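Reading through the structure tokens given below for one structure.
The values are calculated or read from the model by the stated rules, or taken from the named source; none is laboratory data. The structure presented is a predicted model; accordingly, all values stated were derived computationally and were not measured. We place every Cβ from the backbone using ideal geometry, glycine too, and count neighbours over all the protein chains shown. In case anyone asks, the SASA skips ligands and DNA or RNA and just uses the protein heavy atoms, side chains included. Shrake-Rupley method; radii C 1.70, N 1.55, O 1.52, S 1.80 Å.
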Amino acid sequence: SSNAMWGGRFAEGPDAIMEAINASIGFDKRMARQDITGSRAHAAMLAAQGIISDTDAEAIREGLLTVLSEIETGTFEFSTKLEDIHMNVEARLTALIGAPAGRLHTARSRNDQVALDFRMWVRDQADAAIDALSALCKALVAQAEAGAEWVMPGFTHLQTAQPVTWGHHMLAYVEMFSRDLTRFADARERMNECPLGAAALAGTSFPIDREMTANELGFDRPAANSLDAVSDRDFALEFLSCASITAMHLSRLSEELVIWSSAQFRFVQLSDKWTTGSSIMPQKKNPDAAELMRAKIGRIFGAQVALTMVMKGLPLTYSKDMQEDKEQVFDAADNLMLSLAAMTGMVSDMQANVPSLEAAASSGFSTATDLADWLVRALDMPFREAHHVTGTLVKMAEDKGCDLPDLTLEDMQAVHGAITTDVFTVLGVHNSVASRTAYGGTAPVNVRAQVKRWQGIYA
Ligand code: ARG
């Protein structure tokens, strides 16, 4: 038998395989709430404009609330024959209230309907991502406050570079995740135009009030071009792009946590809540959550690539290709939210190993730059020459199997006669970090000022 919603011109129903490839209900049921919210606003507007009667609008409203509660309590029976969430809801509404249900789709198409539902779904996720990112930043700021003066090695090329403070390192991520947050906020603002009322593609001849529905559904304005409104998905691509960059940052922090929690580094102790054991090696405490987050960028960025490929080359306006937009976004959003929550938990619960951070900071000739800077300041040496003298001293220390502060004054003077005992003041890691007070530097006093600033933002 032919389709009850659109089967007028069909003598035969679809092949079972056709039904299977065509149906989206398996995944777009996740937009049920948005679909019903959109339909309620549409029905109220149709009545306000005298396009349908108040009695019909009331029946539709009541009916949709029943459908929503059936979906939320799990008693709703989804049907693949009805293709998607839009027709599943409408069919159930018809079963509940009869004839008035048939008037709901006046001045509307599934094209503007799905564009609306998906946009609202993505908008909710952008809001959720913003909340989750602020929670993560808050956790990082708390770590920064606790360790504003703990010293640790800063790395370039994963080779010891200069001592930095733990707080400064934590706040570097606060900067990154805060930019991620504002990216979601920017994207949200751009996506906040309402496609409802674009109808199939050309708009409608019914005297609808698009300002009313846009307003009711929390949009800033109705989308100005009906063709664009039903056929673009750049709001979803932008969401995925924000998600990808966030996931990339999560991946970098995860990698650091994996390294830091190793027996060789011992910079941090991850809590039992965020680690797992090995089935054979009893000593193991594996950073699985961090490793999984390190990997999630693969599927999240993959979703961005996949949706870009779906959209490329599509002529205006709607093509069924666009039904392939949702699963990618759903999967990316789920994994992003899971990762943000896991990272927030992990960061909150991790314990820095302050003595081992400090020991590592003091090794690897980490204050060589401070020594070179001292030569410039105290002996008025050109920096290039100071760099060379310091390099010679590093080599000497390396040969002796000691670190820079362990060299004697005589050792130093053998390399350059004018060096005085004052040089030892800059070789300690605490002095090193304390001296970096220029704006943006690692000094504890800077970290404390930045912590204050962030605490005002992530209160
Ligand atoms: N399930 C469809 C989708 O997700 C809804 C829109 C259908 N529109 C159409 N013209 N067939 O894209």
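If I filter the stretch 190-208 down to residues being surrounded by fewer than 17 Cβ atoms within 10 Å (Cβ to Cβ) and in a loop (DSSP other than H, G, I, E, B), which single residue comes out as nearest to the ligand (Cβ to nearest atom)? Of everything passing the filter in the stretch 190-208, 200 is nearest to the ligand (Cβ to nearest atom).
Could you tell me whether any residue of the stretch 167-174 is in contact (Cβ under 8 Å) with a residue 60 or more places away in the chain, part of a helix (DSSP H, G or I) and farther than 30 Å from residue 259 by Cα? Checked the stretch 167-174: no residue is in contact (Cβ under 8 Å) with a residue 60 or more places away in the chain, part of a helix (DSSP H, G or I) and farther than 30 Å from residue 259 by Cα.
Going through (1) more than 19 Å from residue 257 (Cβ to Cβ); (2) touching a residue at least 40 places away in the same chain (Cβ under 8 Å) one by one, residue 274 falls short only on (1).
Out of all the residues in the stretch 106-137, which are in contact with a Ser or Thr (Cβ under 8 Å, 6 or more places away or on another chain) and over 30 Å from residue 202 (Cα atoms)? Once the filter is applied, which keeps residues that are in contact with a Ser or Thr (Cβ under 8 Å, 6 or more places away or on another chain) and over 30 Å from residue 202 (Cα atoms), the stretch 106-137 yields 129, 132, 133, 135, 136, 137.
Candidates in the stretch 209-232 are the residues that are touching a Cys at 6+ places or on another chain (Cβ under 6 Å) and not in a loop (DSSP other than H, G, I, E, B); of these, the one that is least open to solvent (accessible area, probe 1.4 Å) is 214. Considering 265, 301, 239, the condition of being over 27 Å from residue 133 (Cα atoms), away from the ligand (no atom under 16 Å from the Cβ), touching a residue at least 40 places away in the same chain (Cβ under 8 Å) and touching a helix residue (DSSP H, G or I) at 6+ places or on another chain (Cβ under 8 Å) is satisfied by 265 alone.
Matching residues to (1) touching a Gly at 6+ places or on another chain (Cβ under 9 Å); (2) over 17 Å from residue 344 (Cβ atoms); (3) aromatic (Phe, Trp, Tyr):
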{"residue": "181", "(1), (2), (3)": "no, no, no"}
{"residue": "190", "(1), (2), (3)": "no, yes, no"}
{"residue": "207", "(1), (2), (3)": "yes, yes, no"}
{"residue": "216", "(1), (2), (3)": "no, yes, no"}
{"residue": "230", "(1), (2), (3)": "no, yes, no"}
{"residue": "237", "(1), (2), (3)": "no, yes, no"}
{"residue": "240", "(1), (2), (3)": "no, yes, no"}
{"residue": "246", "(1), (2), (3)": "no, no, no"}
{"residue": "259", "(1), (2), (3)": "no, yes, no"}
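Which one is modelled with the highest pLDDT, of the residues in the stretch 263-313 that are small (Gly, Ala, Ser) and in a loop (DSSP other than H, G, I, E, B)? Going through the qualifying residues, I end up with 313. For the stretch 82-105, the candidate set comprises residues that are open to solvent by 20 Å² or more (accessible area, probe 1.4 Å) and of a type in the set (D, E, K, R); within that set, the residue that is farthest from the ligand (Cβ to nearest atom) is 103.
Screening 317, 367, 344 for residues that are over 30 Å from residue 152 (Cα atoms) and hydroxyl-bearing (Ser, Thr, Tyr) leaves exactly one candidate, 317. Close contacts from the stretch 181-207, counting a first residue that is of a type in the set (S, T, N, Q) and a second that is away from the ligand (no atom under 16 Å from the Cβ) and at pLDDT below 95, with Cβ to Cβ under 7 Å and a gap of 6+ residues or different chains, come to none at all. Only a single item in (1) within 16 Å of the ligand (Cβ to nearest atom); (2) open to solvent by 50 Å² or more (accessible area, probe 1.4 Å) is not met by residue 306, and it is number (2).
Here 357, 314, 336 are screened, and the one residue that is within 16 Å of the ligand (Cβ to nearest atom) and either within 13 Å of the chain's Cα centre (by Cα) or open to solvent by less than 60 Å² (accessible area, probe 1.4 Å) (or both) is 314. Residues that are over 30 Å from residue 260 (Cα atoms) and assigned to a helix (DSSP H, G or I) are absent from the stretch 346-356. Within the stretch 382-412, work out how many residues are surrounded by 20 or more Cβ atoms within 10 Å (Cβ to Cβ) and part of a loop (DSSP other than H, G, I, E, B). Total meeting the criteria: 1. Applying the criterion of being more than 15 Å from the ligand (Cβ to nearest atom) and open to solvent by 20 Å² or more (accessible area, probe 1.4 Å) to the residues of the stretch 18-50, the residue that is nearest to the chain's Cα centre (by Cα) is 33. Checked against the criterion of being within 16 Å of the ligand (Cβ to nearest atom), among the basic types (Lys, Arg) and not in a helix (DSSP H, G or I), the candidates 119, 108 yield just one match: 108.
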